[in-house]
Amino acid sequence: MEFKDLKIIEPLLKALKIKEYTTATEVQEMAIPELLNNRDVLGSAKTGTGKTAAFALPILQKIYEEKLENNTVEKKLQALILAPTRELALQIYDNFVEYSKFINVSATVVYGGIKQSRQTRDLQRGVDILVATPGRLLDLI
């Protein structure tokens, strides 16, 4: 099944094309429609099967559509993604950045092991999506 068949909006399809994603994986086919319909999903799949896109695309689409509907560019935290390691947090964040290339939805990542001043500044400026490791999230709270 192609992503356009999953009712993914054009700006996200354009970003997926750049990444050379054309056909949805099984986890994406099952999760994306449910998430776009505001249903909770618990998914499990092997590494490399597209789990990040399965949840990231609906999150980005919902935030983008809400901003259009409300005619706003305001950045307010609307999604929190927790990742157990900094490596995974950075990987997820990078995907959000790539997928959101053509929409006005911002993301940032926070993790331990570095000074938190830049991370704090990013949050103070406003962000729509936060990817965080639990320890740094607790530090910032």
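The values are calculated or read from the model by the stated rules, or taken from the named source; none is laboratory data. Given the structure is predicted, the values throughout are model-derived calculations rather than measurements. We place every Cβ from the backbone using ideal geometry, glycine too, and count neighbours over all the protein chains shown. Side chains are part of the model used for accessible areas, which takes the heavy atoms of the whole protein and leaves out ligands, DNA and RNA. Shrake-Rupley method; radii C 1.70, N 1.55, O 1.52, S 1.80 Å.
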Revision key, fill the gap. Given a 1.4 Å probe, the accessible area of the stretch 17-125 per residue, as a whole number of Å², is 64 Å²
Point to revise | Two-decimal ratio, the stretch 64-141, of alpha-carbon radius of gyration to 2.2 N^0.38 Å | key: 1.10
Exercise for review: Compute the long axis of helix 51-70 from its Cα atoms, compare it with the longest principal axis of the Cα atoms of the chain, and write down the angle in degrees, 0 to 90, nearest 10.
Suggested key: 80 degrees
Practice item. Relative to the longest principal axis of the C-alpha atoms of the chain, give the angle of the C-alpha long axis of helix 86-99, reported between 0 and 90° and rounded to the nearest 10°. Key: 50 degrees
Review point. Among 36-48, 103-115, what's the highest-first ranking by average C-beta atoms within 10 angstrom per residue?
Key: 103-115, 36-48
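Counting Lys and Arg as +1 and Asp and Glu as -1, what is the net charge of the other residues whose Cβ lies under 13 Å from the Cβ of P58? Before the final figure, lay out the partial values.
Numbers: positive: K7, R39, K51, K62; negative: E29, E34, D40, E65, E66.
Spelling it out: positives minus negatives among the neighbours equals -1.
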**Study point:** Exceeding the 22 Å Cα-Cα cut-off - candidates K62/K115; K14/K46; K17/K62; K14/K76; K14/K51
**Key:** K62/K115; K14/K46; K14/K76
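Of all accessible surface on the chain at a 1.4 Å probe, what whole percent is carbon and sulfur? Intermediate results must be reported in sequence, preceding the final value.
On the way: 4350 of 8570 Å².
Answer for the chain is 51 percent, counting heavy atoms of protein chains only.
Specify the longest stretch of the chain that does not include any exposed loop site, a site being one of the GluC sites (Glu not before Pro) with a non-H, G, I, E, B DSSP assignment and at most 16 other Cβ atoms within 10 Å. Walk me through the numbers on the way to the answer.
Details: sites that count: E20, E74.
For GluC sites (Glu not before Pro) (loop position, at most 16 other Cβ atoms within 10 Å), the longest site-free span of the chain is 75-141.
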Review point. With each label point set 7 Å from Cα along the Cα-Cβ vector, what nm distance links E2 and K46?
Key: 2.7 nm
Point to revise | Expected 222 nm ellipticity per residue - DSSP helices of 4 or more, -39500 (n - 2.57), all of the chain, to 500 | key: -15500 deg cm²/dmol
